[in-house]
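Engineer: Here you go, one structure.
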Amino acid sequence: ALAPLLRWYAYPRLAKIPPNQYQEMVLEAKDATLLDYTAGMQPKKVDKVTIVQTLKGNVEASREIEASAGKDVVVWDTLSYIMGPDGKMVSQIPERYIFDAHTQDPVHATGEMVDGDPVRREGIEFKWPFFAEPRDYLYFDAQTRTASPIHYVGPRTYRGMDVYYYEQTVPWTKVSLPKKMPIEGIDPKTFEQTTGTSLWYQVKAMFWVDPVTGAPVNAEQVIEQEMRGGIAAGAPEGRLTVFAGHVKMREDYARYTVDLVKSNRTKVLALHTYAPAGLAAGALVLLGLALWLEARGRRRSGTRDGEGRAAQLTAGV
């Protein structure tokens, strides 16, 4: 009774993202190209650009949305803080991501945003569903505020783990300037309107995903950003590189992520597979033992009855 109860009743209710999750991740782009805003607005090669991503579950906001949504909801407040080689801010982009705690499907509610702009997400972001499938998914890109397919490429092995590998390519797209820029006092909208400058972006995103938990164990992005028109008119082909680099997890965070996902994978499998299968196997063993004891008891009873009749016959003779 416990085996099917755990698998089909407990698992769908207990396997979910906790509302109070907190996570920090550091990524780096080495030998990158970065626009120097203080030296004539010219791109230059730098040793490293660092991106610090923080993710914090907003428990109070999730409870408010759950009251009207009628299901378990998680609210993630995230921040991507980009720093140059000198440690100074290049830009920072906050997000609020609201989704179903069990399926990771987006939940549309007031407060859903990217960099202060209201959005209506489609598809997944940050995490795949539990027991991800080897197929394409719709994945939300925060820079363009749009969703497009992320393609399943095939199985891979990453640091000893069997994972699914996905890729998404977003072609050159006009995007909004970050509201926080390294030059104080510049309003992005005013800057665009007065100078006629626009920001363009393209990316190749790569994810190595644990299919059990749906959590990426590794993520990389090849990002290019450039300004066109306006102040970029004098640059070659009218394009001024803002950032170009291959962003990867820092080694210590890569190791930490793998250890964390392995731990959570064991918990999910224990509830979904190990415990139900163990209980079912134990039940079969106990049933077999009970049948054997019953049969043995019947044989002993039959032997005693036979011996008693034989004794009676002998006594009668």
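The values are calculated or read from the model by the stated rules, or taken from the named source; none is laboratory data. Just so it is clear, the structure is predicted and the values come from calculations on it, not from any experiment. Methodologically, a virtual Cβ is constructed for each residue, glycine included, from the backbone with ideal geometry; neighbour enumeration extends over all protein chains shown. Note: accessible area is taken over every heavy atom of the protein model, side chains too, but ligands, DNA and RNA are not part of it. Shrake-Rupley method; radii C 1.70, N 1.55, O 1.52, S 1.80 Å.
Engineer: Is there a quick way to get the dipole size of the stretch 42-114? I mean about its Cα centre, with the Cβ of Lys and Arg at +1 and of Asp and Glu at -1; what is the value in debye to the nearest 20?
Structural biologist: Using only the charged Cβ atoms, the result is roughly 520 debye.
Engineer: Give me the percent of accessible area attributable to carbon and sulfur for the stretch 159-311, probe 1.4 angstrom.
Structural biologist: That fraction is 57 percent.
Engineer: Rounded, prolate or oblate, given the Cα gyration tensor of the stretch 164-224, with a/c below 1.5 counting as rounded?
Structural biologist: prolate
Engineer: What whole-number distance in Å separates the alpha-carbon centres of the stretch 133-208 and the stretch 18-48?
Structural biologist: 15
Engineer: For the chain, what is the accessible area per residue in Å² when the probe is 1.4 Å?
Structural biologist: Using a 1.4 Å probe on heavy atoms only, each residue of the chain averages 55 Å².
Engineer: So how much slack lies between TYR274 and LEU14, counting 0.36 nm per residue of separation and subtracting their Cα-Cα distance, in nm?
Structural biologist: Extra length available between TYR274 and LEU14 comes to 92.1 nm.
Engineer: Further, regarding this structure: Roughly how many nanometres apart are two label points built 7 Å out from the Cα toward the Cβ at ARG120 and ASP86?
Structural biologist: 4.4
Engineer: Of the options TYR81, TYR97, TRP128, report the single residue whose Cα projects farthest towards the positive end of the charge dipole of the stretch 45-191 (beta-carbon charges: Lys, Arg +1; Asp, Glu -1).
Structural biologist: Looking along the dipole axis, the top candidate is TYR81.
Engineer: A further question follows. Do any trypsin sites (Lys or Arg not before Pro) in the stretch 57-139 lie in a loop, going by DSSP, with at most 15 other beta-carbon atoms within 10 Å of their beta carbon, and if so which?
Structural biologist: Answer by residue number: LYS71, LYS88, ARG120, ARG135.
Engineer: Is there a quick way to get the dipole size of the stretch 1-90? I mean about its Cα centre, with the Cβ of Lys and Arg at +1 and of Asp and Glu at -1; what is the value in debye to the nearest 20?
Structural biologist: Around 320 debye, computed over the stretch 1-90.
Engineer: Here are labelled values, (1) 25, 56, 18, 0; (2) 32, 56, 12, 0; (3) 26, 45, 15, 8, 5, 2, 0, and one is the computed P(r) over Cα pairs in 20 Å bins from 0, in percent for what I pasted. Which one?
Structural biologist: (3)
Engineer: About its Cα centre, what dipole magnitude does the stretch 1-270 give when the only charges are +1 on Lys and Arg Cβ and -1 on Asp and Glu Cβ, stated in debye to the nearest 20?
Structural biologist: For the stretch 1-270, the charge dipole is close to 460 debye.
Engineer: Projecting each Cα onto the charge dipole of the stretch 1-270 (Lys/Arg +1, Asp/Glu -1 at the beta carbon, about the Cα centre), which of TYR158, ALA215, THR241 comes out farthest on the positive side?
Structural biologist: TYR158
Engineer: Note down the nm distance, to one decimal, between modelled labels 7 Å out along Cα→Cβ at GLN21 and at HIS108.
Structural biologist: It is 2.4 nm.
Engineer: Using DSSP to call loops (not H, G, I, E or B), can you name the GluC sites (Glu not before Pro) in the stretch 69-131 whose Cβ has at most 16 other Cβ atoms within 10 angstrom?
Structural biologist: For GluC sites (Glu not before Pro) across the stretch 69-131 that sit outside H, G, I, E and B with at most 16 neighbouring Cβ atoms in 10 Å, the list reads GLU122.
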